[in-house]
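All remarks here apply to the structure that follows.
The values are calculated or read from the model by the stated rules, or taken from the named source; none is laboratory data. Please read all numbers here as calculations on a predicted model, not as lab measurements. Ideal geometry is used to build each Cβ from the backbone, glycine not excepted, and the neighbour counts take in all protein chains shown. Protein only, heavy atoms only, side chains kept; ligands, DNA and RNA dropped before computing areas. Shrake-Rupley method; radii C 1.70, N 1.55, O 1.52, S 1.80 Å.
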Amino acid sequence: MRFILEINLRGSGRDMNEKIKISTRNLSVFYGPKQALFDINLDLVENKVTALIGPSGCGKSTFIRCLNRMNDVIDLCKVEGSIKVDGKEINTKNTDVNLIRERIGMVFQKPNPFPKSIYDNVAYGPRIHGLAENQEILNTIVENSLKKAALWNEVKDRLNQPGTGLSGGQQQRLCIARAISINPEVILMDEPCSALDPIATAKIEELIDELKKSYTIVIVTHSMSQAARVSQNTGFFHLGKLIEFNLTEKIFKNPDNKMTQDYITGRFG
Amino acid sequence: MNLVILSFILFFSLSFFFIGKARVLRLANYNIKNLNSLPEYYGYYLAAWCALPALIILFFWSIFELSIIKIFVLSDFKLDPTIDDNKLNLIFSQIVSIAEKKFSGTIPQNLIPYVEKFIALNKIIELSKFAVLFSAIILSLIFAYRQILKNIKARESVEKIIRGLMFLCATLAIFTTFGIVLSLLFESIKFFTSVSIFDFLTGTNWAPGRAFVRDASVQTANVENVFGAIPLFWGTTFIAAIAMCVAVPVGLFSGIFLAEYSSRKFRKITKPLIEILAGIPTVVYGFFAALTVGPLFRLVGEKFGLEVSSESALAAGVVMGIMIIPYVSSLTDDVINAVPNSLREGSFAIGATKSETIKKVVLPAALPGIVGSILLAISRAIGETMIVVMAAGLAANLTLNPLEASTTITTQIVTILIGDQSFNNPKTQAAFALGITLFFFTLFINVIALSIVKKFREKYE
Ligand SMILES: Nc1ncnc2c1ncn2[C@@H]1O[C@H](COP(=O)(O)OP(=O)(O)OP(=O)(O)O)[C@@H](O)[C@H]1O
Ligand SMILES: [Mg+2]
């Protein structure tokens, strides 16, 4: 079974039970004249965690920001190629980017709670998208999101205090709660633990494990052990190219590419 | 004369810079490693010791020189009780100008002995100045030279001297402010001895012209109820409010547009263009208001059957508002730019549109800064004089009608002080009372504004 799965992933890329949530084909990104990504072909499997690893500046952030069209915000950034979500092309002029971002949430490297109360931080998305008809439903959404983000017990008595007053790890979980408050299909996480201590990191990793039951997750990380712990698939980027993409176990035990091997074992450079 | 002395001191300290440098090098057998500091520092040290004490003495000497001479020269006149201080000053300035051969007209013979006394005294003082300065230079040089020979840490000493100089400049600025406030305060206290502070702050009739009557008996009768400053406070607030009605919406929206919507290129061109508005001299705004906007409003008003005086609070306020736009727009733009991009991205990433993001995340985050900038603009509006002088008139009306003439604190200060005025009647002193009221008013607003802005900065830095 493992064997077949591997073959499938490396080949045309599909296992019987697995559904491709997002797939990119020949995805290239330019910052002005500088090309940051070269022809990336990558499939993200539904309800799985995909880890993206690679040295600094190799284009991991650039790649995941393509998936929810966040690169639109950057003036000189140009994205070419195809990005399909559930088989539907989203890299076109007339795609509703707000709708895409509603379906594909994002958690950033540095926690960025709004300077509002904890409650308002989580209620922000539902309010904007009109997900709650009345206060009661909104309360439930906020509570559930905070519970899912494993933050509820720590903040339930002080929902009216500013979100910026929480600790770094709590802030990051608040941002995760904010992202899942509108019930997205995919969550993109760009180094979500880079500013956190081991305990907070462990909490968030646990959380990711829990969240993958209902969401498709992409996580960028510099920690090999984290990638190995939380992900099922791993992609290795180098200088804007996707060098290798495979099952996490395979990547860490027996990668096909010498460069991947060197990077994982820390002999890179 | 002082100029000669100054260049002399400068020359001295320059030469001692080189002397000190050379001397200390020789002392170290031309090996810098033997010294505590680079040889230049010994040069600076010597030069500073040469110049600074002399300069300080020169400074104080120049301040007190004339008044000391004055005391001696005028000692005879002081005995005469019919001569008051004003007259004494007049006599002394006559003596000085005769001595400097600048006196025009026939020289009053009775002053000649005093002129001679003045010239003689002046010579003595001049000579002793030379002597004192020279010995000061010599003494401090000897001291400094000895220090150098001891191979002191000249680098640290020079550092201390530089720090002292900077401190001096900083305190100078502060003392100037204090001086201004004190002079305002003294004159206003004089004013408040003849007019009660309560009448001043609560009276509704402002007509200082009527207090300016030479007849003493009439004056006391009139002083009572002509210095009510309420109309002025009202005019000031009213015109500033009209100005803010123009400046806040326009400034705010253009600031938001510049910061959030315009392309970088557009912003680079437009922002300085808007800021030009703040650089136009206020007189120019003044006649723009008086000659263009005022008559225009009148014309339009007449079409609607309204009676508009050609000098109106509205015209002054609107033009003042235009002038203040850049204060609001530039600061708003800066403050919005200071809101970290990560907040915007966080909002976009959740599917919010640009305007939702601005309305719900950026503006609330920037609000304290924006409020601060508006307060700063208000204090600018309150202090503005020229436009009001030219466009709003001088009538101290207590009215809610923006189409009538109105006046402000600053305008009244100007009209009171224009022309030759003696400084010891309540009318002139009223200007100082107004000045200090204005000072505290704007100080209050500025302190609040700055503390709000500061809190905002702390939050994001
Ligand atoms: N806004 C931008 N403007 C210009 N170039 C950019 C911009 N953002 C990224 N780049 C360039 O694109 C390349 C990829 O950057 P990216 O941020 O995707 O790297 P990364 O893999 O996320 O690195 P890290 O691990 O350090 O976060 C880099 O060479 C970077 O210089
Ligand atoms: Mg990155």
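Quick notes
- Protein accessible surface hidden between B and A, which excludes ligands and nucleic acids, total in Å², probe 1.4 Å: 1600 Å²
- Positive-end extreme of charge dipole, the stretch B:2-152 - chosen from B:SER135, B:PHE16, B:ILE83 (charges on Cβ): B:PHE16
- Separation of alpha-carbon centers, the stretch B:291-338 and the stretch A:207-265, rounded to whole Å: 63 Å
- Portion, in percent, of the accessible area of chain A that falls on carbon or sulfur, probe 1.4 Å: 50 percent
- For A:VAL220, distant residues with modelled amide H under 5 Å away: A:LEU52, A:MET189, A:ASP190, A:GLU191
- Accessible-area order (highest first, 1.4 angstrom probe) of the listed residues B:ILE125, B:ILE336: B:ILE125, B:ILE336
- Solvent-accessible area lost in complex, 50 Å² minimum, residues of the stretch A:100-143 relative to chain alone, 1.4 Å: A:ARG101, A:ASN112, A:PHE114, A:PRO115, A:TYR124, A:ILE128
- Options A:GLY266, A:ILE180, B:ALA207, ranked by Cα towards positive dipole end of the protein assembly as shown, top entry (Cβ charges): A:GLY266
- What you get for the stretch B:74-186, charging only the Cβ of Lys and Arg (+1) and of Asp and Glu (-1), is a dipole of about 720 debye around the Cα centre.
- Rolling a 1.4 Å probe across all protein chains gives B:THR332 an accessible area of roughly 0 Å².
- Accessible area, probe 1.4 Å, largest first, for residues B:SER128, A:SER225: A:SER225, B:SER128
- GNM remark for chain A: springs join alpha carbons under 10 Å apart, and the peak mean-square fluctuation among A:ARG69, A:ARG173, A:ARG127 falls on A:ARG127.
- Dipole moment magnitude, nearest 20 debye, the protein assembly as shown about Cα centre, only Lys, Arg, Asp, Glu C-beta charged: 2260 debye
- Gyration tensor verdict on the protein assembly as shown (Cα atoms; rounded if a/c is under 1.5, prolate if a/b is larger than b/c, oblate otherwise): oblate
- Among B:GLU302, B:GLU260, A:GLU154, the sequence by solvent-accessible area, most first, with a 1.4 Å probe is B:GLU302, A:GLU154, B:GLU260.
- In the protein assembly as shown, taking the dipole from charged Cβ atoms about the Cα centre, the farthest positive-side position among B:LEU184, B:GLY228, B:LEU55 is held by B:LEU55.
- Accessible surface of B:ILE322 - all protein chains present, 1.4 Å probe, nearest 10 Å²: 50 Å²
- Rounded, prolate or oblate (a/c below 1.5 giving rounded, otherwise prolate when a/b exceeds b/c) for chain B by Cα gyration tensor: oblate
- For the protein assembly as shown, the antiparallel share of DSSP beta bridges with both residues in that region comes to about 60%.
- Accessible surface of the stretch B:54-175, 1.4 Å probe: 70 percent of it comes from carbon and sulfur atoms.
- Taking the Cα centre of the stretch B:1-92 as reference, the dipole from Cβ charges on Lys and Arg (+1) and Asp and Glu (-1) amounts to some 700 debye.
- In this structure the stretch A:22-264 gives 41 Å² per residue of accessible area when probed at 1.4 Å with all protein chains present.
- Remark: the stretch B:2-152 carries 63 Å² of accessible area per residue (probe radius 1.4 Å; ligands, DNA and RNA excluded).
- Of the trypsin sites (Lys or Arg not before Pro) found in the stretch B:219-297, no site is in coil according to DSSP while having at most 14 other Cβ atoms within 10 Å of its Cβ.
- Average beta carbon contacts from partner chains per residue of B:350-358, 10 Å cutoff: 6
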